[in-house]
Amino acid sequence: MASIQSLGVGSGLLTSDLVEDIIAAEREATDLRLGAKRAEFEAKISAFGSLQSQLATLDSASSQLASSGSLLLNSVTSTDESVVTATVNSTATPGIHTVDITSTARAHTLTSIRFDSADSVVGDGTLDFRFGTTTFSGGAYDTFSENEALATASITIDSSNNTLDGVRDAINAANVGVTASVVDDGQGFLLVLKSDQTGADYSMEITVTEGGTAGLSALAFNAGAAVEGTNFTQSVAASDAVLTVDGIPITRETNTVSGVIEGLTFNLLADSDGSEVTVSVQQDTEAITSNLQSFIDAYNSVKSLADELSAYDTENNIAGLLTGDSTIRSVLSQMRRFIGESIPDVSSSSIRALIDIGISTNQDLGFQLQLDSTKFQSALAANPDDVLALLASQSRASDSQISVNGYTSETQAGSYTVDITQAATQGSLSGAVTAGLASTITIDDDNDTLSIEVDGVTSSSITLAQGSYTDGTELAQELESQINADATLLAAGASVEVNYDSTNQQLVLSSTTFGSESNIGIVSVDVDTETDFGLSVVAASGNVGTDVAGTINGIEGTGVGQFLSIPSGEQAATSGQYSGSGVTTFDSLPVTIDADNDTFRVSVDGLLSEDIVLTNSSYNTADELATEIQTQINADATLLAAEITVGVVFDDANNRFEITSASTGTSSSVDVTFAEAGVVSDLGLVVAQGVDGVNATNIANPAAGFQIQVQGSTIGERGTVTLVRGVMDRLTSYLSQVTQFDGTISNRVSGLETSVADLEEEASEFATRMDLLEERLRLQFAAADALISTLNNTSSFLDQQLATLPGYTRSNE
């Protein structure tokens, strides 16, 4: 504000009120304009906030329908929930199953002799625990077979913990897989041990080493110490769950039984005493319909709010807050497009759009969505997979030996060609040809043991059951059974397949895994194993599998075992490559290059070479010859002058040479334009065009993100993989972009908030200008007021002087 506050003293005219009135008049229009704009922007921010909240609710509702796991819901019931209950997920097929529980799985339980009190001293020493299978004969302890996959444990008992309570606490603190408790049965105190896991393989064996204070042997339980009244006695035998499901015998270590029926898990509670319990899986159509109605309600709420915000009252010429706003117009347009679009590639021709499953718009209610639940449930019952594809997503492969394992958010809907250049194989070794395998084989002390390595894991010594075997097939079954029962391999998840090749009279051992991590070798054999079975010590490094290789939609994938993954994101440039035909030349070495098989010509990057002549010589390996081919091509005068080079390798998996240009992009190419007959037959370099390279691109291939599992050994084109992205899948993806932190609406709100900030800055600058104007007016008014005061004083002085003059009279006095 101005510092002069005494205006009007001199004149009575130029007062402070007059300055303030002038400033107020100057501010009024601008304040009104800025205030109106601020109110408008803030109202729009609030409106977009409400819209964003409603869209988030719609996103949540559509997400429930965009996931196949939450869309195709199942429910399960049991006719006797005191015997068996069950849980189910979306992968289960509706149906009825019968369950007959002979016995539930039980945990091994041991009970000690009675002690006078919980503070009674038991004794000193050590308790050694092992776990495995205990057998009884005629009620007496018979044998114990250790489960080598389980750890052993040793617990020290001394003066600090040698009471009954102390031993209990020591066992529980050791966390050895046993829970101890002290029980007062009214006649004394007992120590009770219970295995933490059910099943016959989790029985306890306890060995005691006595210390300074005798008595700890009362807690022993083993072949030499299982006497009732002296040692621990068995109160509950460790046993597996034994049941039949749909007439099929099932054994499990626990009472939670899964993997029998896909998507269904049984919870065993009691023996069924010979009475079958019926477990029924039904499609939960009510839950699915409820989820769909929730989506429709959320969509209608968004549309109602959007219509209100963008409406225009023609009768009163009043526009809504967001009438004409491009953002809300775009959101409404996109939502209508997703709701109304037809989804290609759905298997059923009768289901292509939401209207086909009972979802339509009601013109009388402002084109809001409505659900015909009867039509929807009928479509769901008749074509559940197609309803799933229409709403959520669906992936499938035309080749029965290819399955889609997964895809990413970047993978676009469509059908894409699969081309496999290398099938996945298992690490495998073949024994020597052994004529004796075709007839009766005897296993005795001289050929009953061996040790093998599978996938980098070395087994323990494996012992075969001695006896006579009909032929190599029966022997292969015994080998496979005993190898796969090895505790070390079991713990590592490694296993094998063993087959007898009757044509070649040899045993073939293979790892059950695929790929470059799959391998198998023989570490040791018995005296006569090689003679009788054809199996000898061989390193696993020489028997390694291969990873699958190939393309989807022309993009090279990464193979791990049978799984082929297509990279996401930008695609790197590739080189032109020529692949020859497969040859058997290198089955017999060395390979001789002479005048009959030494000349060919190539075209690299569009430039034709002169005759390429290989050095006549004997080559001991395919790699050695590949190096010679590369050297001679790169020495060609025409190619050398243009600085064009290639790389040459021998593909062992397909027995062929591959020539690759050192350049990349669409101009990168390798073709064989001429080859002598011997070059074609011996080296596989047939006259043919290779595959041209491609340029790098920042546009992801639409098939990017696919992962498939490729079974079988067929190479070449293997049909197509198809991804169908349903309405909810597409809508959810769009809504996520709209509602996320840096999405469409957030950006629009940020723009409005910037506009409010700009108004605040404009208002601040205007206030500063008004302050300066007020200061200037006060200074001007003060100067004018002083001048008027001076003039008034001068007038008074003149009046006084004139009044003293002789003969002066003042008129109008």
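Each Cα pair under 8 Å and six or more residues apart adds its separation to the average, and for segment 448-600 the resulting relative contact order is 18 percent. Only Cα pairs under 8 Å and 6+ residues apart enter the sum, and on that basis the relative contact order of the chain stands at 15 percent. Restricting the GluC sites (Glu not before Pro) of segment 277-332 to loop positions (DSSP other than H, G, I, E, B) with no more than 14 neighbouring Cβ atoms within 10 Å leaves 315. At full extension, residue 800 and residue 502 could sit 92.3 nm farther apart than now, given 0.36 nm per residue minus the alpha carbon distance. Can you pull out the chymotrypsin sites (Phe, Trp or Tyr not before Pro) in segment 351-456 that DSSP calls coil and that have at most 15 other Cβ atoms within 10 Å? Of the chymotrypsin sites (Phe, Trp or Tyr not before Pro), the ones in loops of segment 351-456 whose Cβ has at most 15 other Cβ atoms within 10 Å are 367.
The residue among 660, 714, 749 whose Cα reaches farthest toward the positive pole of the charge dipole of the chain, with charges on the beta-carbon of Lys, Arg, Asp and Glu, is 749. In terms of its C-alpha gyration tensor, segment 595-721 comes out oblate, because a/c is 1.5 or above while a/b does not outweigh b/c.
Bridging of residue 44 to lysines at a Cα separation below 20 Å is possible for 303, once same-chain residues fewer than 8 apart are set aside.
Residues whose amide H lies under 5 Å from that of residue 421, counting only those 5 or more places away or on a different chain, are 549, 550, 551, 716; hydrogens are built 1.01 Å from N in the peptide plane. The shape of segment 668-768 comes out oblate: with a ≥ b ≥ c from the C-alpha gyration tensor, a/c is at least 1.5 while a/b does not beat b/c. In this structure, residue 653 and residue 674 have a Cβ-Cβ separation that, at R0 = 25 Å, corresponds to a calculated FRET efficiency of about 0.35.
Taken as Cα centroids, segment 503-561 and segment 280-333 sit 60 Å apart, rounded to the nearest whole angstrom. Normalised per residue, the accessible area of segment 199-358 is 46 Å², obtained with a 1.4 Å probe and no contribution from ligands, DNA or RNA. The H on the amide N of residue 360, modeled in the peptide plane, is under 5 Å from the matching H of 370, 372, each at least 5 residues off or on a different chain. Heavy-atom surface analysis with a 1.4 Å probe gives the chain a carbon and sulfur content of 48 percent of its accessible area.
Take 441-449, 223-231, 790-798 and order them by the average number of nearby Cβ atoms within 10 Å per residue, most first; the result is 441-449, 223-231, 790-798. When the helices of the chain are scored as -39500 (n - 2.57) per DSSP H run of n ≥ 4 and the total is divided over every residue, the value at 222 nm lands at -10000 deg cm²/dmol.
Short to long, the 20 Å bins of the Cα pair-distance histogram for the chain hold 10, 23, 27, 21, 10, 5, 3, 1, 0 percent of all pairs.
Loop-located GluC sites (Glu not before Pro) across segment 596-645 with a Cβ neighbour count of 14 or fewer within 10 Å are 610, 643, with loop assigned by DSSP. Surface exposure of segment 377-515, expressed per residue as accessible area with a 1.4 Å probe, stands at 43 Å².
The values are calculated or read from the model by the stated rules, or taken from the named source; none is laboratory data. Please read these numbers as outputs of a predicted model, since none were measured by experiment. Note that we place each Cβ from the backbone using ideal geometry, even for glycine, and neighbour counts take in every protein chain shown. Areas reflect the complete protein model, heavy atoms only, side chains present, ligands, DNA and RNA absent. Shrake-Rupley method; radii C 1.70, N 1.55, O 1.52, S 1.80 Å.
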